[in-house]
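Student: One structure, pasted below without further comment.
The values are calculated or read from the model by the stated rules, or taken from the named source; none is laboratory data. Since we're looking at a predicted model, the values are computed, not measured. For neighbour counting, all protein chains shown are included, and Cβ atoms are generated from backbone atoms with ideal geometry for every residue, glycine included.
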Amino acid sequence: MKSEIWDQVHARYPVKLSAYVRAQIRKDPLSAWAQQALPSIDELIDEPGMVADPFAEKGVAACCYGVKQRFPNRILVMTSDQCALNCRHCTRKGLLQKSEVVRTAKQRAEAVAYVKAHPLVREVLLSGGDPLILSDTKVLAFVKAFAGLPQIDAVRIGTRMPAVNPSRITKTLTKKLGACKKVWVNTQFNHVSELTPEAVKACALLVEAGIPVSNQSVLLKGVNDSVDELVALCSALQRARVRPYYVFQCDPIAGIAHFRVPLARARRIARELPKRLGGLALPRFVRDLPGSLCKLEL
C-alpha cells in the first residue's frame, strides 16, 4: 500500500533523494530527514487557500528569460530546475520543472544587461533548483558575470548542498568563489541532526574561504516546531560559524499544508527563543506574503 501511495505522490510531486540523504534515512527511518524527504499521502490533500503559485512567479519573469524581480533592489536568476533533494515542503513544489531557466551564455548576457539597465539592483540571487547542482565552471560563470558589475554588492547563492550533499562543497570550488569577494551563501538546515560532521566541514570550507554563510530554516510541523528544537539547531549553527538568519513560516503552497505551523504557535516560539539564545544565534521569524515588498515579521 505504501508503494502505491508513493507512486501517486511521485506522479504529482516527483521524489528525489541524494545518496547522502538516503544514507541518513537508513540510519534513522524516523529522522527529520525522513519527514522532509519521503513522500506522504498528505501531499495530495487540496487545502483551501493553498495554490501552486501564490507569488505569481510565472508572471514576474517578463523582465527577461529566467529572471524574476519582486523587489526593486534585487533580482533572482533561475540557474537550474534540479536539486539534489526534492524537499517535500519546497516553495516551488510543482513548478520547478516548468520554470524558465538561464542555460546559455546568451541568456546569461541578457540577464546581465537587464541588471545594468536597472541601477537600483545591487544584489543578485542565484537560485533554482540548486545552483550547485551545476558544474564548477557553470557556477563560476554566473558568479563572475554579476560580481563584475560595479553596482552589485553581493551575489547570493541559495543552496542546500551543505545539508543534502556536503561532498559537493570542495576546497577548489570555495577558493574560487571566495576570490570573487562578493559571494554570500544562504543554506538551509532545519534540524540539528542535519549538522553532521560532513555538513559542518562543508560549512567550514565556505567560511574559511571568506564567504559569509547564513541559514534560512523553514518552520515545519513535527520537525522543528518547538523552542527546544530551534535552540538546539541555532546553537549548532553558531558553533559551525553559520549565522541563523531566517525562520520562515511555510508558504501557502499546494501540497505542503501538513507542514504548516499555526501562526499563533509560531509567534509563541518566536517570543520564547530570545530568552534562551544570544543575538548572534537568534534568527528572525518571518513570512513571505504575496504582494508584499519585504519579508514580514511574525
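Student: Can you tell me which residue among Ser135, Ser226, Ser167 is modelled with pLDDT of 95 or more and closer than 25 Å to Ile269 by Cβ? Steps first, please.
Tutor: Values: Ser135 fails: closer than 25 Å to Ile269 by Cβ; Ser167 fails: closer than 25 Å to Ile269 by Cβ.
After applying the criteria, what remains is Ser226.
Student: May I ask you to list the residues in segment 76-101 that are aliphatic (A, V, I, L, M), in contact (Cβ under 8 Å) with a residue 40 or more places away in the chain and within 23 Å of Ser135 (Cβ to Cβ)? Step through it out loud before you land on a result.
Tutor: Pass one, segment 76-101, residues aliphatic (A, V, I, L, M): 76-78, 84-85, 95-96, 101.
Subset that is in contact (Cβ under 8 Å) with a residue 40 or more places away in the chain: 76-78, 84-85, 95.
Scanning segment 76-101 gives Leu76, Val77, Met78, Ala84, Leu85.
Yes or no, residue by residue, for (1) of a type outside the set (A, V, I, L, M, F, W, C); (2) out of contact with any Asp or Glu (no Cβ under 8 Å at 6 or more places or on another chain); (3) within 23 Å of Leu195 (Cβ to Cβ):
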residue	(1), (2), (3)
Ala113	no, yes, no
Asp130	yes, yes, yes
Val139	no, yes, no
Val143	no, yes, no
Phe146	no, yes, no
Pro150	yes, yes, no
Arg156	yes, no, yes
Pro162	yes, yes, yes
Asn165	yes, yes, yes
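Student: For the list (1) touching a residue at least 12 places away in the same chain (Cβ under 8 Å); (2) more than 15 Å from the chain's Cα centre (by Cα); (3) in a loop (DSSP other than H, G, I, E, B), I need the number of the one condition that Ser167 fails.
Tutor: In the conditions (1) touching a residue at least 12 places away in the same chain (Cβ under 8 Å); (2) more than 15 Å from the chain's Cα centre (by Cα); (3) in a loop (DSSP other than H, G, I, E, B), Ser167 misses (3) alone.
Student: Give me the strands (runs of 3 or more DSSP E) completely within segment 205-298, filtered to those with at least 2 residues that are free of Cβ contacts under 8 Å to residues at least 40 places away in the same chain and out of contact with any Ser or Thr (no Cβ under 9 Å at 6 or more places or on another chain), ordered by residue number. If you could, list the steps in order and put the result at the bottom.
Tutor: Numbers: elements: 213-219, 243-249, 284-287.
Here the list reads 284-287.
Student: If you don't mind, there's one more thing I want to ask. Name the single residue that is surrounded by the fewest Cβ atoms within 10 Å (Cβ to Cβ) among those in segment 148-191 being closer than 10 Å to Leu206 by Cα and among the basic types (Lys, Arg).
Tutor: Lys171
Student: Still on this structure: In segment 1-44, which residues are over 19 Å from the mean Cα position of the chain (by Cα) and among the β-branched types (Val, Ile, Thr)?
Tutor: Within segment 1-44, Ile5, Val9, Ile25, Ile41 qualify.
Here is a yes/no grid of residues against (1) surrounded by 18 or more Cβ atoms within 10 Å (Cβ to Cβ); (2) more than 16 Å from Ser217 (Cβ to Cβ); (3) among the hydroxyl-bearing types (Ser, Thr, Tyr):
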position	(1), (2), (3)
Gly255	yes, yes, no
Arg260	yes, no, no
Lys275	no, yes, no
Val286	yes, no, no
Lys295	no, no, no
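Student: Additional query: How about segment 1-51: which of its residues are modelled with pLDDT of 90 or more, charged (D, E, K, R) and farther than 19 Å from Ala257 by Cβ?
Tutor: Selection gives Lys16, Arg22, Arg26, Lys27, Asp28.
Student: Residues of segment 76-119 being assigned to a loop (DSSP other than H, G, I, E, B), of a type in the set (A, V, I, L, M) and either closer than 30 Å to Ile41 by Cβ or touching a strand residue (DSSP E or B) at 6+ places or on another chain (Cβ under 9 Å) (or both), which ones?
Tutor: Start the filter on segment 76-119 by keeping residues that are assigned to a loop (DSSP other than H, G, I, E, B), which leaves 79-95, 99-104, 117-119.
Next cut, of a type in the set (A, V, I, L, M) only: 84-85, 95, 101-102, 117.
Answer for segment 76-119, where residues must be assigned to a loop (DSSP other than H, G, I, E, B), of a type in the set (A, V, I, L, M) and either closer than 30 Å to Ile41 by Cβ or touching a strand residue (DSSP E or B) at 6+ places or on another chain (Cβ under 9 Å) (or both): Ala84, Leu85, Leu95, Val101, Val102.
Student: A further question on this structure: For segment 126-154, which residues satisfy the criterion of being outside any helix (DSSP H, G or I), within 19 Å of Val112 (Cβ to Cβ) and within 15 Å of the chain's Cα centre (by Cα)? So that I can check it myself, show each step before the final result.
Tutor: Filtering segment 126-154 down to residues outside any helix (DSSP H, G or I) leaves 126-130, 134-135, 148-154.
In the following step, the residues that additionally are within 19 Å of Val112 (Cβ to Cβ) were identified as 126-128, 134, 148-154.
Matches in segment 126-154: Leu126, Ser127, Gly128.
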